[in-house]
1. In whole Hz and in residue order, list the ³J(HN,Hα) couplings for region 42-51 that follow from phi through the Karplus curve 6.51 cos²θ - 1.76 cosθ + 1.60, θ = phi - 60°; x for Gly and Pro.
2. For Ile40, enumerate residues with amide H under 5 Å from its amide H, sequence gap 5+ or separate chain, H modeled in the peptide plane.
3. Going toward the positive end of the dipole of the chain, with +1 on Lys and Arg Cβ and -1 on Asp and Glu Cβ, which of Val80, Thr39, Thr220 do you reach last?
4. How far, in nm, would the chain grow between Asn275 and Glu104 when pulled straight, counting 0.36 nm per residue and subtracting the alpha carbon separation?
5. Dipole size in debye (nearest 20) for region 157-290 around its Cα centre, Lys and Arg Cβ +1, Asp and Glu Cβ -1?
6. May I ask you to list the residues of region 168-199 whose amide nitrogen lies under 13 Å from a point 7 Å from Cα along the Cα→beta-carbon direction of Ile255?
7. Amide H of Glu207: which non-local residues (sequence gap of 5 or more, or other chain) have their own amide H closer than 5 Å, using H built in the peptide plane?
8. In debye, nearest 20, what is the charge dipole magnitude of region 261-317 about its Cα centre with +1 on Lys and Arg Cβ and -1 on Asp and Glu Cβ, if you could check?
Amino acid sequence: MKIKIFIVLIAILIVSFTGCERTQQIISTDIATPAATSTIKIGVIQPSGYYTGFAQGAELARTQINARGGVLGKQIEFIVMDNQGARAVPDAEESVRIAKTLIEQKDVVAILGPIFSNNSIQVGPVVQHLQRPIIPGSAGDHVTAAGDFVFLVVPPTSTHGAVIAQFAIDPSELSAATAATLRQTESAYTESLTQAFEENFQKLGGEIVASEVYGIGDKTFDTQFTNIKAAAPDVLYIAGVIPDIHFAMAQAREIGIEATFLGPGSWDESEKLFNILADNAPLEGAYFTADFSPELPSADHFVQAYTALFTTPPDSAAASGYDAMSLLASAIETAQTLTPSAVRDALSSITDFQGATFMSHYNANRHPVKGVVINTIRNGQVELRKVIDP
C-alpha cells in the first residue's frame, strides 16, 4: 500500500512541477530530449553589429554538413536570433531571453553563441538548468563555470593573456622590460585578459608601469594616456573592441606614446579592422593574439569555401562559428541521439578535431586545448607572426 501511494505522489510531482528544480531531481535528463522532427534545430545567438563572421562560419559548416546528408539522416536547421538590435552592444538580458525562447519555444537541440563573455556568462545558468549544450563564441575563463553543458570553442582569455605576455618579454621577440595596460571596464573578457597579461608579464620579470581603464564607446583618453606617456612603457596592451581600440591607438600616437601596441582576439574583425580610421598608420607594427589565421596550411579548405560563399576572407569569429557547428555535428553523430546529456558527453570526449582550427581535446573546464596565433599588422595587412602550440 505504501509503495502505491509513493508512486502516485511521484506522478503528481511530475505533472505539477515540470521544469522546476524539484522535478529535475526526479526525472531523468532523457525526458528533456527535443521532440522528434524532420530537421535538427540549432539556435544561433548572433549580434547584428559585432563579429558577424561567427554566424557566417556556422552557416558554412551547416551547408557542408547538409550537403553530405546531414546528421543522423536529418538536415540541420538554424534559428538565428539577434541579441543586439538597436543597442550599442549585445545585451545580456536579451541573450537570456533568447536562450529561453530557443529552448522552451523553438525546441532547439543546442545553441551556438553568444559572442561577448558578459552575455555568455549570463546565458550559462539558463542552458545548464534547461539542459541544452551550448558553444559560445566567447573566450572568458568563467563562461563555462555555469556547468557541464557549456563549452568554449576558442582558447580562454587566460591563455591569450599569457601568450602575448611571453611574446612581449621574449628576448628574441620584443624584449620588453616594461608594460602598460588599457582595458575596457565592466567586461569579464577584458578584465580576465588584462589580469592574465599583467600577472604573466610580471612573473617573467617584467614591470607593469601603468594600468588604466576606459568605458566602452569612449573616443578620448587624455587622462589615461597622460599617465601612460609619463611611465614610458615598452609595450601597451589594449584590451577592448573595435572601434574603441582604433581611437585609442590613434590618440596614443598623437600624444607621443611610442610603445608597441599589443592586443587580444577582439581586434580580429576583418570587416572593420582597416575601415575605422582614415589613416591606419597607428595600427602599423601592432601585434595581437587570435584563434585562427587564414595563412595556416591546415585552414586552406575552410578559407577557400568561406571566401567562395561570402566573397570575403574569414577571421577568427568565422573560424569559431565554423568549428562550433562542426564540433556539435560530430558530437551528435557520435552520440547517435539528440538526448542532451549524450551530446554533452560526446562533446567532452572529442579529440584531435580538425576544422578551421585544430583542437587536441577539452580539459576539465571544457576549455579547448589548442594553439594560439600571434598576428602582426604590416603594410595595412594582417600577417601571421607565429603559432604558439598548447
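Readers should treat all values here as calculations from the given coordinates under stated rules, not as data from a laboratory. Because the structure is predicted, anything quoted here is derived from the model rather than measured. For neighbour counting, all protein chains shown are included, and Cβ atoms are generated from backbone atoms with ideal geometry for every residue, glycine included.
1. Result, ordered by residue: 10, x, 10, 9, 9, x, 6, x, 9, 6 Hz.
2. Gln75, Ile76, Glu77
3. Selected residue: Thr39.
4. 57.6 nm
5. Using Cβ point charges on Lys, Arg, Asp and Glu, region 157-290 gives about 80 debye.
6. Residues 180-183 qualify, since their backbone N sits under 13 Å from the label point.
7. The list, which skips near neighbours in sequence, is Thr178, Ala179.
8. Result for region 261-317 is approximately 60 debye, rounded to the nearest 20.
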